[in-house]
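K.L.:
Questions regarding the structure given below will be posed in turn.
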Amino acid sequence: DVKVTQSSRYLVKRTGEKVFLECVQDMDHENMFWYRQDPGLGLRLIYFSYDVKMKEKGDIPEGYSVSREKKERFSLILESASTNQTSMYLCASSGTRTGGRNEQFFGPGTRLTVL
Amino acid sequence: DAKTTQPPSMDCAEGRAANLPCNHSTISGNEYVYWYRQIHSQGPQYIIHGLKNNETNEMASLIITEDRKSSTLILPHATLRDTAVYYCIVRIYNQGGKLIFGQGTELSVKP
C-alpha cells in the first residue's frame, strides 16, 4: 500500500516560532504537494515539487517555505508562525508513470494550532 | 478557481445508490474528470477518473455525458462508511500537477 506519512497529527506552537512539518512517501513518487484546509475555504495548494531540490509556488505560498533534499521527503516550513496559520495541513504525492492513474495520495494531515 | 460545480450536500439511505452530480461546462478536450472523497479527519482519497467513456471500479461508477459538460458519480449500495465530502476535479491526465479542489458535496448516508 502507498504510504504518505506526516510527522505529527496534532501540533501546538506559539506565535513567532519556527515550525517544521515533515512528509514522507514510500512510493518513489516524483511529485509532492502541501495543502492547507480551512472550513469554508476547502483545500488550497501552498507549494509543490516535481523533483528533488525543485519547488513551485502554489496558490497561497506567503508565509511558508519548503525543502525537498531527498525524493521521499518534502518539508513545509513556517519561518515565524502566526495565528492565521492555524489550520489542517495535508501532504500528498503522485507519480508520473505513462499509462498510470497518477492520482494523488494524501497523508492523514497535521492539525496545527498557533497560539 | 475550481472548474466544477457540485451541490453542497446530499442525503442517501443506506443500501441505496448515491448519485452525485458535477457540472464542468468549461472542461477542455485533454482534461479528465477525477473524483476524490474525504472522510472526516482523514486526507482525501482517490475514487475514480475518466475522459469520456463511463468507468467502473470496485468503489464506484462514473458516468460522463456525451458533451462532457457534466458527470455523475454513482455509489451503487451506499453504506454508513461512505459518509464523506466528495470532490469532483478536472485536470490534464498524466500531469503530475496540482488538484484544484472546490467545495465538494457532503454526502450523508443515513440508516
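K.L.:
For B:33-45, what's the mean count of beta carbons from other chains sitting within 10 Å of each residue's beta carbon?
P.N.:
Mean shielding by partner chains, rounded to a whole number: 4.
K.L.:
Give me the net charge for the shell around B:Asn19: Cβ to Cβ below 13 angstrom, other residues only, Lys and Arg +1, Asp and Glu -1.
P.N.:
Net charge in that neighbourhood comes out at -1.
K.L.:
Using 7 Å Cα-to-Cβ label points, what is the A:Asp26/B:Thr79 separation (nm, one decimal)?
P.N.:
A separation of 2.4 nm, rounded to one decimal place.
K.L.:
List the longest stretch of chain B that has no exposed loop site; here a site is one of the GluC sites (Glu not before Pro) assigned by DSSP to anything other than H, G, I, E or B, with at most 11 other Cβ within 10 Å.
P.N.:
B:1-57
K.L.:
Please compute the alpha carbon radius of gyration of the protein assembly as shown, then divide it by the globular-protein estimate 2.2 N^0.38 Å. Two decimals is fine.
P.N.:
Dividing the Cα radius of gyration by 2.2 N^0.38 Å gives 1.03.
K.L.:
Quick check: net charge around A:Thr110, other residues with Cβ under 13 Å of its Cβ, Lys/Arg +1 and Asp/Glu -1?
P.N.:
After counting each charged neighbour, the total is +3.
K.L.:
Assuming a viscosity of 0.890 mPa s and a temperature of 25 °C, what translational diffusion coefficient in µm² per second does Stokes-Einstein assign to the range B:1-70, Rh being the Kirkwood radius over Cα pairs?
P.N.:
182
K.L.:
Hey, another quick one. Residues with amide H under 5 Å of A:Arg111's amide H, sequence separation 5 or more or different chain, H placed in the peptide plane at 1.01 Å from N; which?
P.N.:
A:Tyr10, A:Leu11, A:Tyr89
K.L.:
Taking all pairs of distinct Cα atoms, average 1/r, flip it, and tell me the Kirkwood hydrodynamic radius of the range B:31-70 in Å to one decimal place.
P.N.:
One decimal place: 11.0 Å for the Kirkwood radius.
K.L.:
Check the straight Cα-Cα distances from A:Lys55 and name the lysines below 19 Å, setting aside those fewer than 8 residues away within the same chain.
P.N.:
Qualifying lysines at Cα under 19 Å: A:Lys70, A:Lys71, B:Lys98.
K.L.:
State, as an integer percentage, the relative contact order of chain B based on alpha-carbon contacts under 8 Å between residues 6 or more apart.
P.N.:
38
K.L.:
For chain A, what size does the Cα cloud have along each of its three principal axes, sorted from largest down, in whole Å?
P.N.:
Here the spans come out as 45, 28, 24 Å, largest first.
K.L.:
From zero outward in steps of 5 Å, how is the percent of C-alpha pairs of the range B:21-111 spread across the bins?
P.N.:
P(r) for the range B:21-111, in whole percents per bin: 3, 14, 26, 25, 19, 9, 4, 1, 0.
K.L.:
Here's a follow-up. So what are the ³J(HN,Hα) numbers for the range A:40-47, from phi and the Karplus equation (6.51, -1.76, 1.60; θ = phi - 60°), rounded to whole Hz, Gly and Pro as x?
P.N.:
x, 10, x, 8, 10, 7, 9, 8
K.L.:
Trypsin sites (Lys or Arg not before Pro), restricted to the range A:8-62: which are DSSP loop and have at most 15 other Cβ atoms within 10 Å?
P.N.:
Passing sites in the range A:8-62 are A:Arg9, A:Arg14, A:Lys18, A:Lys53.
K.L.:
In percent, what relative contact order does the range A:1-48 have, based on Cα pairs under 8 Å that are 6 or more apart in sequence?
P.N.:
31
K.L.:
Just to be sure I follow the definition: excluding the sites themselves, where is the longest run in chain A that has none of the GluC sites (Glu not before Pro) in a DSSP loop with at most 14 other Cβ atoms within 10 Å?
P.N.:
Here the longest run is A:18-61.
Read the figures in this text as sums done on the coordinates, not as results from a lab. All figures in this text were calculated on a predicted structure; none of them were measured in a lab. We place every Cβ from the backbone using ideal geometry, glycine too, and count neighbours over all the protein chains shown.
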